[in-house]
Structures are given as C-alpha cells and as structure tokens.
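The values are calculated or read from the model by the stated rules, or taken from the named source; none is laboratory data. Predicted model, so just to flag it, every value in this text is computed and none were measured. Heads up, the Cβs are rebuilt from the backbone with ideal geometry, glycines too, and the neighbour counts pull from every protein chain shown. What goes into the accessible areas is simple: the full protein's heavy atoms, side chains included, and nothing from ligands, DNA or RNA. Shrake-Rupley method; radii C 1.70, N 1.55, O 1.52, S 1.80 Å.
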Amino acid sequence: MTRRDRIAEPWGARTPYGPGQTWPTRVDSFLAEGVTADGVDRWVPSASILHSNGDAMDIAVKDGRIVGVRGRAGDRVNHGRLGPKDLFGWQANGSVDRLTRPLVRSGGRLVECDWDTAMDTIVRRTRELLAEQGPSALGFYTTGQLFAEEYYTLGVIARGGLGTNHLDGNTRLCTATAAAALKESFGCDGQPGSYTDIDHADTIALFGHNMAETQTVLWARVLDRLAGPDAPRIVCVDPRPTPVARAATVHLAPRPGTNVALMNALLHEVLDNDWIDHDYLDAHAVGFDQLEKRVAEYPPELVARICDVPAERIRSAAEILGTADRLVSTVLQGFYQSHQATAASVQVNNLHLVRGMLGRPGCGVLQMNGQPSAQNTRECGADGDLPGFRNWANDAHVADLARLWNVEPQRIPHYAPPTHAMQMLRYVEEGSIRLLWVSGTNPAVSLPELARVRSVLAQDRLFLVVQDLFLTETADLADVVLPAATWGEKTGTFTNADRTVHLSEKAVDPPGAARPDLDIFLDYARRLELADKDGRPLITWHDPESAFEAWKECSRGRPCDYTGIDYAMLRERGGVQWPCTDEHPHGTERLYVNGEFRSAPDDCESYGRDLSTGAPVEPVEYRALNPSGKAVIKAAEYLPPHEQPDDDHPYSLITGRTLYHFHTRTKTARAPQLRDAAPRVWVELSPHDASAEDIHEGDSVEIRTPRGTVRAAARVTDIRRGVIFLPFHYGYWDTETHTEPGTDGGRAANELTPTDWDPASKQPIFKTAAAALRRIARGTGPAPAPTVGACAPVGPDVAPTRGGRAAEAEEDPESGIEERQP
C-alpha cells in the first residue's frame, strides 16, 4: 500500500504487463480526512460519473454521508484503478449550495416553492402550448450524465406521449460524430472494439484523442503496456503536445481543419503499398473502388502542404498503421469537433476495413464518447435517434416502436430526422419552440457563440425549465428550476464507451427536496395523464428497476440488446458488455466478429448521409448500394474550413478539455483538489507566437474573434505554431456576475466559437475559429494552468502542479478485495 499525490501523478504507479497478458490489478482509494476503510459503514457499488471511461468503484458511506470512493478490483474496465476526477469529484455532492427546493420566477426573481407548484406550472404551460400550437412548441435538451432508465422515460414521454420531434442531448457536442461515423460505416451505432484490445495490440493509434487527460485510467492501461515487454507502437494525431504525443512513436500535428486530407494521405500510402486484406474486403465491404480513386488524389507531398506536416512523417505513420498485425484506433474531439468531423472519423473506420482489423483481439475501433452515459442517450432515444437504434426512415421500425408503446405510428414523429440541438436553438430563437426543458446540462456555457445563446434563452416568450444540481448560468435564466438528485443519491444503469453496463446504486439521500430525474419525468407524465391508444397510462413503470425492464424490452432483438442483463446480474458480476442475450449470456466483448454487420437495409439504424452536404441517403439508394448488409466504405474529399485565419485574425483557435475539470465545472470546481489544480482560465500559445506578440508566460491576454472577446493568462507551450488553445470549462457561476462576462471581460471559451456544425453529425465545430491575440498587461507570475498534460510550460521557471497531502490517495497493487454491500 502506498500513498501518492494523484493531482501531481494522475495516472499513478506503473504495473507493467505484456501482450496477451491480463492487466494487473491496483486498487485506488481516497477517503475523507479522518476516515479509515475500517470505519466505513457501507460500500455501495457504482461507476464514474465525470468521464466516459466507466471506472467501477464503491462509494464509502459513513453516518449517512458519502466519505470517499474505492476502485473495484474485479471489474473488467479499470481493474481497481481510479482517476483524479473519480477520487475527488464526489465531494461536490455535499456542497452547501446544492439546490434543495424548486424555484419559480415571480416578479423577475426565482423564489422557492413546493413541488406541486413547480410541476403544476410546467404542466399548465405544456397544455396551453399543446392547445395553441401542438407538440412542435415543446423541446427537450438533456445531457450525457443521467441514467439509461431516465433517458428512456424521457424519450417515451417526448416521442410517444407528446409527439414532439425536438429532443436531443448535449451529447450532440461531444459524441454525435461517434454515432454518425459508426452508422455510416457499419449501418448502426455501437463500438466495434473493447478496452481489452489494448492488452493485445501491437499498434495503438489515437486520432484527435488526448486519452491521457480525458480517460486517465485507460491511458494508465496504455502506459502499463508501454512499460512492459513488446510494447506497442503509438501513432498520435493532435496539434497539441499532449502526453499521448510525447509517448508516440510518430506524432502528427496537422493544421486545424485538415484531418480529412491527412487521413486520405495515410490511406493513400496504405493502398499504394498494398497493405490491404483483400479477402476481407471482398467478403465484407462495399465501396472500396470509390476510396481507391479518392485517396489517389492525396499523395503525402500534396497533403504535407495542406496540413503543414512533413511528408516523410506521414509516410512513417502510414507504415506503422499499414504493417501492424493488431491495430487499435481511438477517435475523439480533435476529429469530432473539427471541420468535416464525420468524414474524417469515417476514414479511421475505412483504415480498419481495408486492413481487415475488426472483431479480433487487439483489432478494434473505439469512436469514443465524452460523457459517462453518452452511449445511453443514443441508445435510449434521448438524442437525435429513435430508441434501440431504430431507423426513423424505416416504417417497419417505427411501427415496431408504436407496438411496444401501444400508440399509433403517426404519434411518433418520423416525417424528418429528429431535430438536433443546434436546430432546436434556432427554433427557440425564431419562436416556434416556446417551452424548452433543459436537464443536467448548462448550454449557457457549453454551446457556441454564447452572446447569442444567452439572448435566445432569455427571451420573454420562451418558457425555460432547468433541472439540475446547482443554480447554473442556464438555471439563472429559467422560469422554473427543479432540484435534481445526482450520482450516489439515486439508482440506475449507465454504459461506457466500450458498451459495458454498470449499476450505480443509491448510497445516500439527496439534499432537501431534491428528487431523482426519473421521479421528475414520471411525475410530469402522470400529471399530464399521458395515455396509450387504449387510454391506459403510457408509462407503465414506477422505479429504476421497472424502468430498466421496460428499456430491455425496447432493446430486444436490436444491436444494443440488453435482455440478458438484470439488476441482480450487475450486482453480482459488475460491468457487462452488451449485447447480452440468451445466445450471449455473458455479454459480447467485440462486435462484427467474422465480418457480420447490422447493416442490412431492413435492419440498419441509418441509411447514411452525404458526408459533404449531410443530405440523407434515400432507402432505395442504400438498398442498391448494400443489399446484403456489408460494411460501407465511404470516401471523402477534403474541403477547407469555413473560417480560416486572415490578416485580422491570424490564429486558429481550438477549445477543449483539461485533466482536472469536467463539462462546465459545476461539479469539479466544488472539489477542492480539482479546483485548485486548475483554478482559472488560461490560453496556450507557442514560443514563436509568444515572441511575435511580445507575450510572456503569465501575461494577461485578450483573445478576439468576430463573436466576442475573452481574457486569459498566457501559458507558453509546445503547441504548434499559429494555433491557440482555450479550455472550455470556465463560465461565470463563481464570479460576481454569475451568468455573463463582467467589466473585466469574458472567460468562457464559447464567447468566441462560431455557430457552425458538421453536415452529417450536426456536431458543433469548436476547432476552427479564426482569432486575434493581444497582450493587455504584464503578468506577475505563471499562468494558473496545470503543469501536467498538454498545457505543460516550455520554460523551467513554473512550479509543478501538486495537490499536497490533501490529494494523497492510496494505491494497493496487491489487493483483490472487493466488497459489495448494496
């Protein structure tokens, strides 16, 4: 047993292992000051809520309070390890500023009320709008942080009960492209690969994925492979000097907005050298001819000029990818939030199809997620898809859903694709959506072009409902605020990025009158008297377990089949990967074994879209292309981004995440260790650009785009020349203004980002804004940025980030103890 400062060393100690071996166990734990493991009253099973990795843990409870966490040694995902946000983030639950009673706006102020008053106000306004305008007046914008049971219930209410097409999640901002890319290539959402592929791979390629900071435990798994025998080769595509880039065999740092050109060059080399599995391609894929013609137009010398990456480095990366025997690829926001997001991510799938590297140990694609239950948002129909990966353009799928819900098919809107979040905001702006219900997210900080977002949400004609833990920037604009319970205060399931389902049990009561999100949705349906076509209640479940059973039936026979899972199994075994059925009672580690896809025209979730325009592919066109249900190889032409640097705005602004914070910091900034590790916003720039602008480490800098300005302290790093980076987490809830920029300027990165999105996935673009810089004042010390991660300074005069004794967690590499006391 050792104690380690997990702010200073976020990945903990190394436990090396070799290819094909089992990742060694190491149990991490952190308890409140003065509490020991022997003094804990109960350990309650759960999993991480502050990222998408799905690290299994036990919540420590003493005297009715959460007092810490401990990793679960026997779980397949993390083998006992926890990351910094897992170890310290639970402290936000006990914050004194939690919402404890509903609020309604009266006389321009939010005032406390009881639940009957709040819910009756919402139901009355819902009925008024249904009578005046019909269901299109209602919109729901949810999150990637609720449980599957809650998403499914919300989806049934919105689509089967009210009949509105306006339901999406903030997963539109982080994982819409993951779903879109998987549907384009394989006909259906669902990760082909598994985390265990890391154990077998000889090559790991990370495309726009700073795994070291977004999934610290999975990166610890990679680090342990790198420290062991026969270490894998690493290919990294990222313009920032991330820990992944520093560990890479080859690091490619392309100019923002050029990912498609780079991927085409890599595929050009793979095809030119015939690093192709011809038998696999012939048997299991269509569309290769178009890819061959397209990538022939992208030799490395041409792409080197587009991307500003040396041609020889492109060839070196291509050789590693082309000669790998076991290749794992992961993709995240560097691709998803960029220009041509889906087109670039699909090329990663194409690489694996061309090389025949799917469905075998060490051969997989992980189009990663950004939030803990983003996968459930997509599966359960709480985003721009129908539940159970059903196809909105397939009448038989809609009829099947109508049968399950016992409603007429016409009740379920399917006249057009479900409305995506950015379009919903536009409908609010234009006045056609007049009630917007926001649950578990904070669009007044996380959406692009914040001045516009604030003006849209503050309209008098909009009735805004916000359901959250805290009085966020968005809640401050609401007509009704509903206090919600959170992780550890309610029961439900959630599914991580490699399809592992965990059960998170209630450990303590929520504060005051706060209620679980499921209870709030059920109450809304009951008060509205939503009914099926026979007049019986539409919602037939009443608690988390009965809601899970209802969701299982919805998933039956679909690719995300949960029918073999129940709460008892999850309590006994921990995480289980879907599909889990009578045929696969222990779950399914990898999809698409033997080249069997869920892409047949009658089965697929989507017929796909044109990658350049976003236009849906017609069913008859898809049937002609892919009558026998093979994988689909889609080529893409490189197109320049809409907004490029010019004389007035000479820099490319990219925004993103940092290791110690999550979303808009509503939870992580209330955990002292995480808050103090990254207390205020900063901007990263290269030494060359710092010199050109006469900016030094710590100087106060103004960043300007056509949408607004932000002020931040300068951090000089090895980021590529011409690119500047802002973390997107920082809003205003802990400033004097609470909701918007003060007289000293803005600090939310999305003051600067454009209203623009990928044509296929509809994911907003956060990686290609043109920006200007200027120094405002000399600094008095280093920027308040961590020295760990991509924001590590180039100079030697910055003290390393440490958490001190308050951030010391225990690591036990010998422990096999796993207690389950639900």
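Going by what's in this entry, would ASP517 be described as assigned by the TED database to the domain that holds SER439 and in contact with an Asp or Glu (Cβ under 7 Å, 6 or more places away or on another chain)? Yes.
The residue that is farthest from GLY789 (Cα to Cα), among those in the range 701-748 that are in contact (Cβ under 8 Å) with a residue 60 or more places away in the chain and among the polar types (S, T, N, Q), is THR739.
Within the range 527-578, the residues that satisfy the criterion of being in contact (Cβ under 8 Å) with a residue 40 or more places away in the chain, within 16 Å of THR495 (Cβ to Cβ) and assigned to a loop (DSSP other than H, G, I, E, B) are ARG558, PRO559, CYS560, TYR562, ILE565, GLY574, GLY575, TRP578.
Of all residues in the range 339-396, those satisfying the criterion of being of a type in the set (Ser, Thr, Tyr) and either assigned to a loop (DSSP other than H, G, I, E, B) or more than 30 Å from PHE548 (Cβ to Cβ) (or both) are THR342, SER345, SER373. When the range 322-338 is limited to residues that are part of a strand (DSSP E or B) and β-branched (Val, Ile, Thr), the one that is surrounded by the fewest Cβ atoms within 10 Å (Cβ to Cβ) turns out to be THR330. Applying the criterion of at least 2 residues that are open to solvent by 10 Å² or more (accessible area, probe 1.4 Å), more than 18 Å from THR126 (Cα to Cα) and of a type in the set (Asp, Glu) to the helices (runs of 4 or more DSSP H) found wholly in the range 403-488 leaves 421-430.
Pairs meeting the criteria (first residue in the range 758-769 and within 15 Å of PRO418 (Cα to Cα), second residue assigned to a loop (DSSP other than H, G, I, E, B), beta carbons under 6 Å, at least 6 apart or on different chains) are PRO759/THR613; PRO759/GLY614; ALA760/LEU611; ALA760/GLY614; LYS762/HIS420. Residues that are open to solvent by 30 Å² or more (accessible area, probe 1.4 Å), modelled with pLDDT of 95 or more and among the β-branched types (Val, Ile, Thr): does the range 621-637 have at least one? No, the range 621-637 contains no residue that is open to solvent by 30 Å² or more (accessible area, probe 1.4 Å), modelled with pLDDT of 95 or more and among the β-branched types (Val, Ile, Thr). Taking residues in the range 350-370 that are of a type in the set (Lys, Arg), and partners anywhere that are in a strand (DSSP E or B), the pairs with Cβ atoms closer than 9 Å and at least 6 places apart or on different chains are ARG355/LEU327; ARG355/CYS363.
When the test is whether a residue is without any contact (Cβ under 8 Å) to a residue 24 or more places away in the chain, closer than 21 Å to SER606 by Cα and surrounded by 19 or more Cβ atoms within 10 Å (Cβ to Cβ), VAL398 passes it. Among the residues in the range 377-388, are any touching a strand residue (DSSP E or B) at 6+ places or on another chain (Cβ under 9 Å), under 20 Å from CYS604 (Cβ atoms), open to solvent by 10 Å² or more (accessible area, probe 1.4 Å) and small (Gly, Ala, Ser)? Yes: the range 377-388 contains one or more residues that are touching a strand residue (DSSP E or B) at 6+ places or on another chain (Cβ under 9 Å), under 20 Å from CYS604 (Cβ atoms), open to solvent by 10 Å² or more (accessible area, probe 1.4 Å) and small (Gly, Ala, Ser). Out of all the residues in the range 304-321, is one or more β-branched (Val, Ile, Thr), assigned to a loop (DSSP other than H, G, I, E, B) and either in contact with a Ser or Thr (Cβ under 9 Å, 6 or more places away or on another chain) or open to solvent by 40 Å² or more (accessible area, probe 1.4 Å) (or both)? Scanning the range 304-321, I find at least one residue that is β-branched (Val, Ile, Thr), assigned to a loop (DSSP other than H, G, I, E, B) and either in contact with a Ser or Thr (Cβ under 9 Å, 6 or more places away or on another chain) or open to solvent by 40 Å² or more (accessible area, probe 1.4 Å) (or both), so the answer is yes. Going by the conditions given, is ARG571 farther than 21 Å from LEU291 by Cα, basic (Lys, Arg) and in the same structural domain as TYR732 (by the TED database)? So ARG571 fails the test. Within the range 750-780, restricting attention to residues that are open to solvent by 30 Å² or more (accessible area, probe 1.4 Å) and assigned to a loop (DSSP other than H, G, I, E, B), the residue that is farthest from GLU740 (Cα to Cα) is PRO759.
Against the test of being open to solvent by less than 20 Å² (accessible area, probe 1.4 Å), of a type outside the set (S, T, N, Q) and within 17 Å of LEU327 (Cβ to Cβ), the options GLY187, GLY193 yield a single qualifying residue, GLY193.
Report the residue count in the range 34-52 for those that are outside any strand (DSSP E or B) and either crowded, with 16+ Cβ neighbours inside 10 Å or in contact (Cβ under 8 Å) with a residue 12 or more places away in the chain (or both). Final tally of qualifying residues: 10.
Can you tell me which residue in the range 1-33 is most open to solvent (accessible area, probe 1.4 Å), limited to those that are of a type in the set (A, V, I, L, M, F, W, C) and touching a Phe, Trp or Tyr at 6+ places or on another chain (Cβ under 8 Å)?
Looking only at the range 1-33, we keep the residues that are of a type in the set (A, V, I, L, M, F, W, C), and these are 1, 7-8, 11, 13, 23, 27, 30-32.
Filter once more, keeping what is touching a Phe, Trp or Tyr at 6+ places or on another chain (Cβ under 8 Å): 7, 11, 23, 30.
Numbers: ILE7: 1, TRP11: 45, TRP23: 4, PHE30: 20 Å².
Of everything passing the filter in the range 1-33, TRP11 is most open to solvent (accessible area, probe 1.4 Å).
Restricted to strands (runs of 3 or more DSSP E) entirely inside the range 647-749, those with at least 2 residues that are open to solvent by 20 Å² or more (accessible area, probe 1.4 Å) and within 28 Å of LEU457 (Cα to Cα) are 700-705, 708-716. For the range 503-515, a tally of residues being open to solvent by 10 Å² or more (accessible area, probe 1.4 Å) and either modelled with pLDDT under 95 or within 22 Å of the chain's Cα centre (by Cα) (or both) returns 1.
Just one of (1) surrounded by fewer than 24 Cβ atoms within 10 Å (Cβ to Cβ); (2) within 30 Å of PRO559 (Cβ to Cβ) fails for LEU267. It is (1). Please specify each residue of the range 793-804 satisfying the condition of being assigned to a loop (DSSP other than H, G, I, E, B), within 14 Å of PRO10 (Cα to Cα) and not polar (S, T, N, Q). Residues satisfying the conditions are PRO800, ARG802, GLY803.
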